[in-house]
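The values are calculated or read from the model by the stated rules, or taken from the named source; none is laboratory data. If you're wondering where the values come from, they're calculated on a predicted model, not measured in any experiment. Don't worry about glycine lacking a Cβ; one is built from the backbone with ideal geometry, like all the others, and counts go over all protein chains shown. Accessible surface areas use protein heavy atoms only, side chains included; no ligands, DNA or RNA. Shrake-Rupley method; radii C 1.70, N 1.55, O 1.52, S 1.80 Å.
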Amino acid sequence: MLDDISREKDRLLAELAAGVPVFWINPALAQSHHGDAYRNDIADAQRRLRDARYHLQDAFPVTRGRAAVVESPLLAAEDLAKRWNIPRWLVKADHSLPIAGSIKARGGFNEVLAFAERVAAEHGLARTAPELPNYTHPDARSVFSHYSVVVGSTGNLGLSVGMIASSLGFRSVVHMSRDAKTWKKNLLCANGVEVVEHAGDYSIAVEQGRQAAEADPKCHFVDDEHSMDLFAGYGAAAAELASQLEERRIVVDNDHPLFVYVPCGVGGAPGGITYGLKSLFGRNVHCFWAEPSASPCMLLQLLMGVHRSVSVYDIGLDNVTEADGLAVGSASPFVAPLMADQVSGIYTANDGHMLDMMQSLRNSESLQVEPSAAIALLGPLFLTASEEGRRYVQAQGLGQTLPNATHISWTTGGSLVPAAEWQLLYERAEAFSGKVSALADAWKQ
């Protein structure tokens with residue numbers, strides 16, 4: 001048995017190093033979740049995101065008229081479902097979240113709002129009305145102008161944190177890695193956010209941001225690798241999804257499993273979402289994470305064990321991918337141990353697969369998402385068509401219930417991408433047309 005485990009590990013490591021698509025099924029998957037350790041944190045995040053609508057509607061005209069500002073729609077991927085024979089396939093469209101335009105919105109907003117609440121309270125600023133948070137006090141902006149919020153990011157978390165921090169009156173600074181798109185930097189600057197560019201990758205940007213924040217006692221550092229507030233904000237999405245499923249009369253139980261596919265960078269967003277969903281649906285929800293072949297940091301970390309940090313550079317990968325939001329070399333040391341027995345599996349795909357699926361999603365569903373979001377649309381194919389996916393279904397006793405399942409692909413960014421950038425992406429995608437179909441055909445052989 002130990003020899004089999006060792007050979008399987010060696011095989012996966014070799015395939016990861018070669019940059020080929022991999023589907024890893026978690027042998028340590030537990031049949032129960034971790035209880036309610038973070039229930040109060042997630043409930044606080046839900047309350048903050050709900051209460052934030054007054055400030056957000058005032059600061060960002062695009063949100064006016066929305067009853068729930070920080071919520072995204074649940075859409076049917078009908079044409080893709082027919083093409084790939086998936087009975088029920090939905091898209092949790094976080095790419096269309098207003099203001100930040102990505103999955104990072106809930107986490108980033110929650111962290112900055114929590115900091116704003118604390119600073120306002122420390123300065124004796126109270127609610128001016130029961131429905132108004134203390135950070136909307138007339139004197140709040142003057143107080144906040146003496147404080148800074150700093151974050152290191154490849155792009156989307158920087159947009160989330162930078163936009164809301166600046167809107168509240170904080171000095172907002174985003175340290176961005178080489179992978180960050182120019183248009184994201186320009187958007188931040190246009191909204192009063194200071195952008196500090198680094199020639200290194202995500203880890204360098206985070207470390208530089210951390211060092212800058214530590215030198216200033218009135219500076220709050222948003223730590224993408226360790227933050228509980230970020231994690232709780234992402235976890236708040238679970239209740240949102242549960243309500244949407246209920247509205248559609250979609251049942252999740254022993255006879256109706258739920259499969260959720262979430263893009264993974266450092267791990268905070270998929271970790272928080274998985275924790276929240278597991279708390280609500282237990283063993284009836286199966287969460288799979290998706291990583292670029294060039295940056296499979298979480299898969300590598302879980303494969304090697306969570307006792308010490310490892311990097312994709314350790315196996316010769318370059319961490320360079322079109323999916324800039326997922327270009328992370330090392331996994332979160334907070335999320336990896338917490339989710340080591342909760343995530344059902346992780347799959348990887350290269351840029352060609354992401355670009356081809358991005359093109360297919362536009363053509364079939366009229367949805368425009370970044371490559372880092374398109375990778376989530378590959379999940380149902382990995383599960384239903386690959387040998388590893390079929391083994392998972394059999395091992396979990398899901399063969400009879402699979403036709404009753406709901407599959408949800410969780411998107412990241414896309415709605416803020418400029419037209420010229422889309423044109424370039426779709427031109428590059430033309431070279432990879434049919435790549436996803438080729439992958440599926442290879443599984444049939």
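Miscellaneous remarks
- Using the alpha-carbon positions of segment 234-354, Rg (one decimal) and Dmax (whole number) come out as 15.1, 47 Å.
- Around the amide H of Cys219, modelled in the peptide plane, lie the amide H atoms of Ser148, all under 5 Å away and 5 or more residues distant in sequence or on another chain.
- The mean sequence distance of close C-alpha pairs (under 8 Å, at least 6 residues apart), as a share of the length of segment 178-271, puts its relative contact order at 22 percent.
- Ranked packing of 50-58, 94-102, most packed first, by mean Cβ within 10 Å: 94-102, 50-58
- The computed Cα Rg over 2.2 N^0.38 Å for the structure shown corresponds, within (i) 1.20; (ii) 1.25; (iii) 0.94, to (iii).
- Computed label-point distance, nm, for sites Arg83 and Arg47 using a 7 Å Cα→Cβ extension: 4.5 nm
- Estimated FRET transfer efficiency when R0 is 22 angstrom, pair Ala76-Ser437 (beta carbons, to 0.05): 0.55
- Proximal lysine pairs, the chain, alpha carbons under 17 Å, eight or more residues apart or interchain: 6
- Our summary gives the chain a relative contact order of 20 percent, counting only alpha carbon pairs under 8 angstrom and 6 or more residues apart.
- Rg in Å to one decimal, and Dmax rounded to a whole Å, for segment 313-371 via C-alpha atoms: 14.6, 40
- Between Arg11 and Asn404, the simple label model (points 7 Å from Cα in the Cβ direction) yields a spacing of 3.3 nm.
- Counted residue by residue at 0.36 nm each, then reduced by the alpha carbon distance between them, the extension gain from Arg39 to His123 reaches 27.4 nm.
- About the Cα centre, charge dipole magnitude for the chain (Lys/Arg +1, Asp/Glu -1 at Cβ), debye: 800 debye
- Per-residue ellipticity at 222 nm from helix content only, as computed over the chain with -39500 (n - 2.57) for each DSSP H run of at least four residues, stands at -13500 deg cm²/dmol.
- Ranked packing of 371-381, 74-84, most packed first, by mean Cβ within 10 Å: 371-381, 74-84
- Accessible area per residue for segment 37-185, computed on protein heavy atoms with a 1.4 Å probe, is 38 Å².
- About the Cα centre, charge dipole magnitude for segment 344-397 (Lys/Arg +1, Asp/Glu -1 at Cβ), debye: 180 debye
- Whole-Hz couplings from phi, Karplus 6.51/-1.76/1.60, listed for segment 48-62; x for Gly and Pro: 4, 5, 5, 5, 5, 4, 5, 5, 5, 5, 6, 7, 10, x, 5
- At q = 0.10, 0.11, 0.15, 0.19 Å⁻¹, base-10 log of I(q)/I(0) for segment 83-232 (Debye sum, equal scatterers on each alpha carbon): -0.37, -0.44, -0.75, -1.11
- Of the peptides 108-116, 304-312, the order by per-residue mean of other Cβ atoms within 10 Å, starting with the highest, comes out as 108-116, 304-312.
- Calculated P(r) of segment 205-282 - Cα pairs past 14 Å, %: 68 percent
- In Å, descending, principal axis extents of the Cα set of segment 353-393: 33, 18, 12
- Protein accessible area in segment 148-282, 1.4 Å probe - carbon and sulfur %: 46 percent
- Spatial separation of Cα centroids for segment 171-216 and segment 299-348, in angstrom: 22 Å
- Rounded to whole numbers, the Karplus 3J(HN,Hα) couplings from phi for segment 318-333 are 9, 6, 10, 8, 5, 7, 4, x, 10, 7, 10, x, 9, 7, 4, x Hz, using 6.51 cos²θ - 1.76 cosθ + 1.60 with θ = phi - 60°, and x at Gly and Pro.
- Semi-axis lengths (Å, descending) of the ellipsoid that matches the C-alpha gyration tensor of segment 303-408: 25, 23, 12
- Total formal charge among the other residues, if their Cβ is under 13 angstrom from that of Ser32, Lys/Arg +1 and Asp/Glu -1: 0
- Residue among Ala18, Tyr38, Ala28 farthest towards the positive dipole end of segment 4-57, charges placed on Cβ: Tyr38
- Residue order for Cys219, Cys264 - accessible surface, 1.4 angstrom probe, largest first: Cys219, Cys264
- The figure for Lys435 is an accessible area of roughly 70 square angstrom, using a 1.4 Å probe on the protein chains alone.
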